[in-house]
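Comments concern the structure below.
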Amino acid sequence: MVLITAVAVIGGAGLAVWYVGDTTAPAQAALPPPAVPVVAGTVESGNVPVYLRGMGTVVAYNNVIVQSQITGQIIKIAFIQGQTVKKGDLLAEIDPRPYQAQLDQAVATRDRDQAQLLNARADLNRYTALQQKGFATTQLVATQNAQSNQLQAQVKYDEGVIAQARTNLSYTRLTAPIDGVTGVRQVDQGNIITPSSANGLVDIAQIQPASLFFFLPQTDFVEIQQQMATGPLTVLAYSQDDKVKLDTGKLDLIDNQIVQTTGTIRLRASFPNAKRTLWPGELLNVRLLLDTRQGGLTIAGSAVQQGPQGSFVWVIGSDGTVQTRPIEVAQIDDGIALIDSGLQAGEKVVVDGQYRLQPGASIQELTGQAARGAQLQSSIEQEIP
């Protein structure tokens, strides 16, 4: 800047004196913007499981309603509701007296018919001997032989009646047909139970092993089928909040048709359920282990950002500045992103603090307690509307 000053008057005439001076101050150098504090992470390489996720419902491996095959009064209940039972355990007993009486009658009838059969055979032997000597007619022998055969058939019929009576008597003991857990008892002691009772005595559910039905998009069908051809696929069951792993099982069924209304395929997995963490009717998250990618590249899922052109990350250069780079993400599972393309192993990316970054900005990497504090603060700010 140039400053011009005019002063002084000498005598009567004015004499202007001009002083010209350069008052331009030296320009102050512009300060670089401060480094942005961020939390950084490294692109890792390793074996990465590839999962397909879905929702599923636990069902009993086998489910049986214990029905009575005869009509009678329940005189004994031998189980507690919710009890674990083994195959063959007594559950209830029906009054056996009417059926014991039927068995006794059938046995008595058979014994009578057997006695008559023995007598008829003895007469047949005598008549046959007399016929040979000419003292008995052929008609008499034939009639006795027919009577003997008739009584023999009657005894055989009696044996069938006895077998039926014994079977009915055995039905007075209601036993568990499978291993499992009993549900709510439907009939109390003293009541009459019949074969037509819709709810039977009790429901028994086999939960060890347990089954789980779940659905996945039909677009995954071909890949699942191809992987099943190489061996059984592992299925993981997680709690509904997806935080607790409950059990590990195997995929054993792909349904024989696509559900057209939803465009999904139904699958079934079996779990040993040794700790009984799976219960019939329970709604769970399911992860089907489709493959394990060898040498897969992974970063923290928080490093992945979304822009108009898709997914990208902030990559930290060797000079401490950042630039955006587009990437392709295969999956994000348990906070870890599997990268298909766009990064190389060993590169550094920003995993927290991206909201203050601009291309070319210098960064300050936070570590240790400072990094944990920055991540906590970032999560709090994201929760505040």
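The values are calculated or read from the model by the stated rules, or taken from the named source; none is laboratory data. Because the structure is predicted, anything quoted here is derived from the model rather than measured. Counting neighbours? That spans all protein chains shown, and the Cβs are built from the backbone with ideal geometry, glycine included.
Residue check: is Val64 modelled with pLDDT of 90 or more and under 30 Å from Leu357 (Cα atoms)? No: the conditions fail for Val64.
Quick check, is Ala142 assigned to a helix (DSSP H, G or I), at pLDDT 95 or above and either exposed (fewer than 13 other Cβ atoms within 10 Å of the Cβ) or small (Gly, Ala, Ser) (or both)? Here the answer is no, as Ala142 does not meet what is asked. When the test is whether a residue is more than 20 Å from Pro96 (Cα to Cα) and among the polar types (S, T, N, Q), Thr175 does not pass it.
Evaluate the following for Arg293: is it charged (D, E, K, R) and within 24 Å of Tyr61 (Cβ to Cβ)? The answer is no for Arg293. Among the residues of segment 246-301, those that are of a type in the set (D, E, K, R) and farther than 16 Å from Arg53 by Cα comprise Asp252, Asp255, Lys275, Arg276, Glu282, Arg293.
All of Val244, Val286, Val313 fail the test of being β-branched (Val, Ile, Thr) and surrounded by fewer than 17 Cβ atoms within 10 Å (Cβ to Cβ), apart from Val244.
Restricting the search to segment 263-299, which residues are in contact with a helix residue (DSSP H, G or I) (Cβ under 9 Å, 6 or more places away or on another chain) and not hydrophobic (A, V, I, L, M, F, W, C)? Hits for segment 263-299 are Gly263, Thr264, Asp291.
To keep it simple, each residue is scored yes or no on (1) in contact (Cβ under 8 Å) with a residue 40 or more places away in the chain; (2) under 22 Å from Leu216 (Cα atoms).
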position	(1), (2)
Leu251	no, yes
Thr264	yes, yes
Arg268	yes, yes
Leu283	yes, yes
Ser311	no, no
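Just name the residue that is farthest from Pro177 (Cα to Cα) out of those in segment 28-67 that are part of a loop (DSSP other than H, G, I, E, B) and aliphatic (A, V, I, L, M). My answer is Ala29. Residue count for segment 217-256 satisfying the condition of being closer than 25 Å to Arg276 by Cα and not basic (Lys, Arg): 20. Set side by side, the residues Gln67, Gln116, Gln102, Gln81 differ, and just one is touching a residue at least 60 places away in the same chain (Cβ under 8 Å), more than 21 Å from Leu169 (Cβ to Cβ) and either surrounded by 15 or more Cβ atoms within 10 Å (Cβ to Cβ) or of a type in the set (S, T, N, Q) (or both), which is Gln81. Assess whether Ser302 counts as being assigned to a helix (DSSP H, G or I) and either modelled with pLDDT of 90 or more or closer than 23 Å to Asp220 by Cα (or both). Considered against the rule, which asks whether it is assigned to a helix (DSSP H, G or I) and either modelled with pLDDT of 90 or more or closer than 23 Å to Asp220 by Cα (or both), Ser302 comes out as yes.
Of everything in segment 145-170 that is surrounded by 13 or more Cβ atoms within 10 Å (Cβ to Cβ) and aliphatic (A, V, I, L, M), the residue that is farthest from the chain's Cα centre (by Cα) is Leu151.
Checking the stated criteria, Ala101 turns out not to satisfy the condition of being touching an Asp or Glu at 6+ places or on another chain (Cβ under 9 Å), part of a helix (DSSP H, G or I) and closer than 27 Å to Ile192 by Cβ.
Quick check on segment 343-362: of everything there that is modelled with pLDDT under 90 and under 21 Å from Glu44 (Cα atoms), which residue is surrounded by the fewest Cβ atoms within 10 Å (Cβ to Cβ)? The extreme case among them is Gln354.
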